Each structure stands twice: as structure tokens, then as C-alpha cells.
Amino acid sequence: MDSELKYHDCRNDPEVESSWAEYDGRGIYLCRVCWKCRSAKLGTYRRKVLRTFYGENDVCEQIEPDEW
Ligand SMILES: [Zn+2]
């Protein structure tokens with residue numbers, strides 16, 4: 001399940017209303033993410049250089065998305 005999210009096509013998922021580009025701490029483009037796949041995708045970059053503007057907590061676990 002989780003590994004599939006790494007290849008999640010955010011813009012073609014009807015459950016996803018918004019997706020955004022994610023950048024690493026140096027402003028280098030990583031990938032497009034949404035609330036569903038963000039942790040899965042960013043998890044692959046994390047070991048390297050990921051220092052987002054959001055902080056670690058946000059990246060970790062977002063099991064229950066706020067309703068919006
Ligand atoms: Zn996605």
C-alpha cells in the first residue's frame with residue numbers, strides 16, 4: 001500500500017483536491033505530493049537532505065486528514 005503511494009498520481013485521484021510541489025531545504029524540486037502520498041514520497045528523500053519548511057512532525061504521520 002504505502003509503496004504504491006510513492007507513485008501516486010495526485011492530479012488523477014478524485015479524492016485529492018489539491019496537490020503541491022515539494023522542495024527540499026535548498027529549494028530543489030522533489031516531486032508533486034498531496035496529503036495522501038506526501039509522507040510516502042518524502043520518506044524516500046528524507047534520509048538525504050530533506051528539511052522542509054513544515055518540520056518533521058508534519059511529515060511523519062498524517063493518518064487522519066482534516067476534513068476539507
Ligand atoms: Zn498524491
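The values are calculated or read from the model by the stated rules, or taken from the named source; none is laboratory data. Quantities reported herein were computed from a predicted structural model and do not represent experimental measurements. Methodologically, a virtual Cβ is constructed for each residue, glycine included, from the backbone with ideal geometry; neighbour enumeration extends over all protein chains shown.
Please enumerate the residues belonging to region 38-62 that are modelled with pLDDT of 60 or more and either assigned to a loop (DSSP other than H, G, I, E, B) or surrounded by 14 or more Cβ atoms within 10 Å (Cβ to Cβ) (or both).
The answer is Arg38, Ser39, Ala40, Lys41, Leu42, Gly43, Tyr45, Arg46.
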Pairs please, first residue from region 24-41 and within 14 Å of Asp9 (Cα to Cα) and touching a residue at least 12 places away in the same chain (Cβ under 8 Å), second anywhere and within 9 Å of the ligand (Cβ to nearest atom) and of a type in the set (S, T, N, Q), Cβ atoms under 6 Å, 6+ apart in sequence or on different chains. Arg32/Ser19; Cys34/Ser19
State all residues of region 20-37 that are part of a loop (DSSP other than H, G, I, E, B) and within 7 Å of the ligand (Cβ to nearest atom); if no residue qualifies, say none. Cys34, Lys36, Cys37
Looking at Glu17, Glu4, which one is among the acidic types (Asp, Glu), within 13 Å of the ligand (Cβ to nearest atom) and at pLDDT 90 or above? Glu17
